[in-house]
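Student: A single structure is presented below for examination.
Throughout, read-outs are computed from the coordinates displayed, never taken from laboratory work. Keep in mind that what you see is a predicted model, and the values were worked out from it rather than measured. A quick note on method: Cβ atoms are made from the backbone with ideal geometry, for glycine too, and the neighbour counts reach across all protein chains shown.
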Amino acid sequence: MPLDGTTQTIPPRRGLMLILSSPSGAGKTTLTRMLLQKEAIDLTLSVSVTTRPRRPSEVDGVHYHFVTPDRFRELRDAGELLEWAEVHGNSYGTPRGPVDALLGRGRDVLFDIDYQGTQQIRSRAREDVATVFILPPSMRELRARLERRAEDKPEVIARRLDAARNEIARWRLYDYVLVNDDLQRTLADVTAILAAERLKRVRSEAAVAGFVETLAAEG
Ligand code: ADP
Ligand code: 5GP
C-alpha cells in the first residue's frame, strides 16, 4: 500500500546507487552476480567500459564493454563517463547515459568500481550513494583466490596483489566494510544494507511528507 494509505501512485522513491569495491580477488564480482540473480533484490548493474583485455569467462556487453584506448578517450572527452580511473594499468569508466536513465525511473543501480570512481560519484551525489567495501579474510587467502580464479596471468596477479595494500588503505571512504570470509554471510549482509538504505528518509522525502500531512489532517 502507498504510504498515504490510498491507492494513488506515490512519488517514486529516488533511485539509489549501491557501490561495491574491494581489492581484486576479495569477491565483489561473485557477490555482484549473486545479487543480480535474485530477482527480488531488483538491482540493475552498471556495465563499465574498459580497455582491459577480456577474460575467457567474460562476455562483451554483459561484464564490460571492451573498448580500445582511442574509443575510451573519445567517450571520456565527450563527457560520456560519469566517472573514470586508471586501475592496474588499464582504463575503466562508467557510461553516464544508462545510469541517468535508470535513476530517473527510480531504479537502483549496482556499481562494481574502485575507490577512485567511488570518490568521484560520492562527491557529486552523496545522498544517492551507499558504499560497501569488501575485504578478504587474509592476504594469503586473497592470493589463493586470485590463483584459484585462474583467469589472469601470473604477472597480472602479482600486480593486483601489490595494489591490494593501497586499495585496502581506502576503507574509510566507505559507509560499510565487510570481511568476505563466508560468501553466504557476506551476501546476507549486503542484502540487509540495501534494504536499510532503501528505507532511508531522504530517498522518499516527498512520499513521507504527503503521508504526514494526511496524519496531521486527521486531527
Ligand atoms: P573480485 O571481483 O573482487 O576480483 P571474484 O568475485 O572474482 O573477486 O572472486 C575471486 C575468487 O574468489 C573467485 O574464484 C571466487 O569464486 C572466490 N571467492 C569469492 N568469495 C569467496 C569466499 N567467501 N570464499 C571462498 N572463495 C571466494
Ligand atoms: P577487473 O579488471 O578485475 O574486472 O577490475 C579491476 C578493478 O577495476 C576493480 O577494482 C573494479 O572494481 C574496478 N572497476 C571496474 N569498472 C570500473 C569503472 O567503471 N570505474 C572504476 N573507477 N573502476 C572500475
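Student: So what is the 222 nm mean residue ellipticity for the chain from helices alone, if each DSSP H run of at least 4 adds -39500 (n - 2.57) and you divide by all residues, rounding to the nearest 500 deg cm²/dmol?
Tutor: One gets -13000 deg cm²/dmol as the mean residue ellipticity at 222 nm.
Student: Then there's this: Need one number: nm distance between label points at ASP162 and ASP77, each 7 Å from Cα along Cα→Cβ, rounded to one decimal.
Tutor: That separation, rounded to one decimal, is 3.0 nm.
Student: Next up: Normalized C-alpha radius of gyration of the chain, against 2.2 N^0.38 Å?
Tutor: In units of the 2.2 N^0.38 Å rule of thumb, it is 1.13.
Student: How many nm separate the modelled label positions at LEU183 and LEU199, each set 7 Å beyond the Cα in the direction of the Cβ?
Tutor: The modelled label-to-label distance comes out at 2.9 nm.
Student: How long is the gain from ALA150 to ALA209 if the chain were fully straight, where each residue apart is worth 0.36 nm and the alpha carbon distance is subtracted?
Tutor: That works out to 16.0 nm of additional length.
Student: Then there is this: DSSP loop (so not H, G, I, E, B), at most 14 other Cβ within 10 Å: list which trypsin sites (Lys or Arg not before Pro) in the range 27-136 pass both filters.
Tutor: LYS38, ARG54, ARG105
Student: Could I ask something else about it? Exposure proxy check: MET139, MET17 ranked by fewest other beta carbons within 10 Å?
Tutor: Result, fewest neighbours first: MET139, MET17.
Student: For LYS28, go through the lysines and keep the ones whose alpha-carbon is under 22 Å away, minus same-chain ones fewer than eight residues off.
Tutor: Cα-Cα hits under 22 Å: LYS38, LYS153.
Student: To continue, here is another question. For the chain, take the longest principal axis of its alpha carbons; what is the angle in degrees between that and the long axis of helix 139-149, to the nearest 10 within 0 to 90?
Tutor: Once rounded, one gets 80 degrees.
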